[in-house]
Amino acid sequence: MALLKTLRRPGRGVQGGGGGSAMTFDGAGSAATRAVPLDVRAIREHFVFPRRGRVVTNNAASTQPPAELLALFASLGPGYENVHRGQSGASQAMTALFEESYDTIARFIGAPSRACIGLYRNTTEAINAVMYSLLTEFRDGDNVVTTLLEHNSNYVPWYGLCREILPRLGRRVQCRLARFDPVTGELDLDHLASLIDSRTKLVCVTGASNFLGTRPPLEVVRALAGASGYAQPNGERRSYLLVDGAQLVPGSFTDVQALEVDFLAFSFHKLLAPFGVGVLYGKQHLLEGMLPFLYGGDMIAEGRVLPDLVEYNCLPWKYAAGTPNILGAIVSAQAVRLLVDLALSPKRPVYFGTGTPLGRHAVQDAMGRITAWNRQLTARALAGLAAIPGITIYGPREAERRTSLVAFNLAGHDPILVAQLLDRAGIEARAGCHCATLAHHALKLDPPASCRLSFYLYNAPAEIDRAVAAVAAIAVGRRQPTAPWYRRLMQSARYSPARAPIRG
């Protein structure tokens, strides 16, 4: 516990985020969140959904694609060809675009080079890649430490490893779960520290919860993992740290070298791209020493397949078996270029569609503006929702301590019904467990579900006000069950609380 005490900052509580001064809500966020405003009106011109009257507040699930990315996908069609497999001009041109996408992604998160990047279908597959690549390194008596805050994608693979896969190989490995404070939603760092020991091979933690909005102090978690003393096969004496960045990366400046994480996973469908592409960042020396996740074409060194010998390709292609999602990779890399442009100069793009390397200062400035805007929207939502009678809001109460989402329940209302009523009011929200099933059960929610509003750089303050007003109207409807709109929905054959699905 001595290490944990030295890492705590003055004025911060045991969970790494409490004890600070309460935020004053003024309807537009604090002065800090208003420092670098985005040109949201200009940003929204790049999207189709505002012209259709949609109020999109389900961005934690997937963001909306800008028109430029959809057009880019169509424009790549005439010159489409496979990569790394042809001598034609088309193949060479497509290969160049594909490989440059790795460079763009590496620059966006501050990775040293493309050698640290692996592309998969989503965050889930990227985390599974780490699990399967490390599988043979686990020794009998080891453990993996994760938390009750996690998305299923950062728990179920480790559950499967410890409870289903390794037992069949005769190895006993524990999966340990750190608690969180049920009131503040903050990770219990004391409990986390008590779970990490000299047999902890890996610590897996979310960068930001997609239910509670909590942002665990990664620098503290990293220090705890680094001090474990676990003997890794390469001689290092520490636990590896994997961060699920699916909710962290889209709204925060992320520098993997500054964070000193060993692995980071995130998805582009939460970063404006309309395609199934996920990213795995790994420290180069770890990726070089690990076994591949998938075996087959393109992850093999040219001509090095013999009856008694197979040699693997250099990084990053060692982790790119088979024909990749070529167009998805190219468009996803352009998505982060466009994201930077939208934040800095939406009327005059600098990076999108060009070969100009992404500068770290530009990325930091852009993501700082997005963070500030998201906090302003989140503060506005928290202030408005908190005034609604019968509402329970989950997670930290200050926008500065959470990501840009707010999950809640209304007393006497099934959350699925709330989301349906919001949809009828023109608000696209989401209800269910949000794949954060562990946290819902930890809070003893029955059903294990909540309703969630989540925001991104293209949301306007008026949309937040409209969403809050719709939630307030539904809360009033609880006491006025004879209201025509409420009665029609409850009598609808399409809705039955008993049959309503709880979606992850």
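The values are calculated or read from the model by the stated rules, or taken from the named source; none is laboratory data. None of the values given here were measured: they were computed from a predicted structure. Positions of Cβ are backbone-derived with ideal geometry, glycine not excepted, and every protein chain shown enters the neighbour counts. In case anyone asks, the SASA skips ligands and DNA or RNA and just uses the protein heavy atoms, side chains included. Shrake-Rupley method; radii C 1.70, N 1.55, O 1.52, S 1.80 Å.
Which percent, to the nearest 5, of DSSP beta bridges fully inside the stretch 204-343 are antiparallel?
About 60 percent, rounded to the nearest 5.
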note = the chain: spread of alpha-carbon positions along the three principal axes, whole Å, largest first, is 76, 56, 49
ask   = Name the chymotrypsin sites (Phe, Trp or Tyr not before Pro) in the stretch 217-313 that are in a loop by DSSP and that have at most 15 other C-beta atoms within 10 Å, would you?
value = TYR295
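Using a Förster distance of 22 Å, how high is the FRET efficiency between ARG348 and ALA469, based on the Cβ-Cβ distance and rounded to 0.05? Don't jump to the answer; show the numbers that get you there.
Working: r = 36 Å, r/R0 = 1.62.
About 0.05, to the nearest 0.05.
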request  = Run the 1.4 Å probe and let me know the accessible area of LEU291, rounded to the nearest 10 Å².
outcome  = 80 Å²
ask   = Using the Cα gyration tensor of the stretch 214-369, with a ≥ b ≥ c the square roots of its eigenvalues, what is the shape: rounded (a/c below 1.5), prolate (a/b larger than b/c) or oblate (neither)?
value = oblate
query = Once every DSSP H run of n ≥ 4 in the chain is given -39500 (n - 2.57) and the sum is divided by its residues, what mean residue ellipticity at 222 nm do you get, rounded to the nearest 500 deg cm²/dmol?
reply = -10500 deg cm²/dmol
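For the chain, which whole percent of the accessible surface, found with a 1.4 angstrom probe, sits on carbon and sulfur atoms?
54 percent
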key: Set of the stretch 319-337 residues, backbone N closer than 20 Å to the point 7 Å along the Cα-Cβ line of ASN82   = 319-330
query = Per residue, how much accessible area does the chain have with a 1.4 Å probe, in Å²?
reply = 40 Å²
query = Lys pairs in the chain, Cα-Cα under 30 Å, at least 8 apart or on separate chains: how many?
reply = 10
query = Under a 5 Å amide H to amide H cut-off, with H placed in plane at 1.01 Å, what residues pair with ARG176 once short-range neighbours are removed?
reply = VAL144, VAL145, THR146
ask   = Which of the cysteines in the chain are isolated, no other cysteine C-beta under 4.7 Å?
value = CYS116, CYS204, CYS314, CYS433, CYS435, CYS451
Selected from ALA126, PHE108, SER88, residue furthest toward positive end of dipole (the stretch 88-241; charges at beta carbon) = ALA126
request  = Please state the charge dipole magnitude for the stretch 266-413, taken about the Cα centre, from unit charges on C-beta atoms (+1 on K and R, -1 on D and E), reported in debye and rounded to the nearest 20.
outcome  = 800 debye
query = In square angstrom, rounded to the nearest 10, how much accessible surface does CYS162 have for a 1.4 Å probe?
reply = 10 Å²
key: Solvent exposure ordering (accessible area, 1.4 Å, most first) of ARG402, ARG215, ARG238   = ARG215, ARG238, ARG402
remark   = So for R0 = 41 Å, FRET eff. of ASP197-GLU99 from the Cβ-Cβ r, to 0.05, ends up at 0.45
ask   = What helices in the chain pass both tests, a Cα length along the helix axis of 20 Å or more and a mean Kyte hydropathy of -0.5 or higher, using whole DSSP H runs?
value = 89-109, 326-344, 360-386, 461-477
Interchain or long-range residues, amide H under 5 Å from SER228's placed H = SER239
task = Note down the magnitude of the dipole of the chain about its Cα centre, charges +1 on Lys and Arg C-beta and -1 on Asp and Glu C-beta and zero elsewhere, to the nearest 20 debye.
result = 1540 debye
request  = Amide H neighbours of VAL83 under 5 Å, at least 5 residues apart or on other chains, H built in the peptide plane: list them.
outcome  = none
ask   = To the nearest 0.05, how large is the calculated FRET efficiency for GLN232 and ASP308 if R₀ is 30 Å and r is the Cβ-Cβ distance?
value = 0.55
key: Euclidean distance between Cα centres, the stretch 90-149 to the stretch 155-233, Å   = 19 Å
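Name the shape class, rounded, prolate or oblate, that the alpha-carbon gyration tensor gives for the stretch 323-454, where a ≥ b ≥ c are the square roots of its eigenvalues, rounded holds for a/c under 1.5, and otherwise prolate holds if a/b is larger than b/c and oblate otherwise.
Because a/c hits 1.5 or more and a/b exceeds b/c, the stretch 323-454 counts as prolate.
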request  = Using label points projected 7 Å from each Cα along Cα→Cβ, tell me how many nm separate ARG163 and ALA301, to one decimal.
outcome  = 4.1 nm
ask   = Of GLU45, GLU302, GLU288, which has the most accessible area and how do the rest follow, probe 1.4 Å?
value = GLU302, GLU45, GLU288
task = Excluding ALA265 itself, calculate the net charge of residues whose Cβ lies under 13 Å from the Cβ of ALA265, where each Lys or Arg counts +1 and each Asp or Glu counts -1.
result = -2
inquiry  = If I stretch the segment between ALA462 and ARG424 completely, what's the gain in nm (0.36 nm per residue apart, minus their alpha carbon distance), one decimal?
reply    = 11.9 nm
request  = First select every other residue whose beta carbon is under 10 angstrom from the beta carbon of ALA60; then total the charges, Lys and Arg +1, Asp and Glu -1.
outcome  = +3
